[in-house]
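The values are calculated or read from the model by the stated rules, or taken from the named source; none is laboratory data. Because the structure is predicted, anything quoted here is derived from the model rather than measured. We place every Cβ from the backbone using ideal geometry, glycine too, and count neighbours over all the protein chains shown.
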Amino acid sequence: MDIRLCMIKIATASSNEYFLSRLPVVERKLAQGGVRLAATLNRIFSSLAKLAEV
């Protein structure tokens, strides 16, 4: 087997392992960002609704 092909397979396996090991962190950070975004949008739209009532 060509040594370059072996090196590519090793690098790909390492990349996949790294990606999979960090996936829980990425998912948690995305969820936290979604919660912060939802809170911000709730504040914005509740303020607009109060202004519309006046």
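Quick notes on this one:
- Condition met for residue 19 (at pLDDT 90 or above and aromatic (Phe, Trp, Tyr)): no
- Residue check for residue 53: acidic (Asp, Glu) and loosely packed, with under 10 Cβ neighbours inside 10 Å: yes
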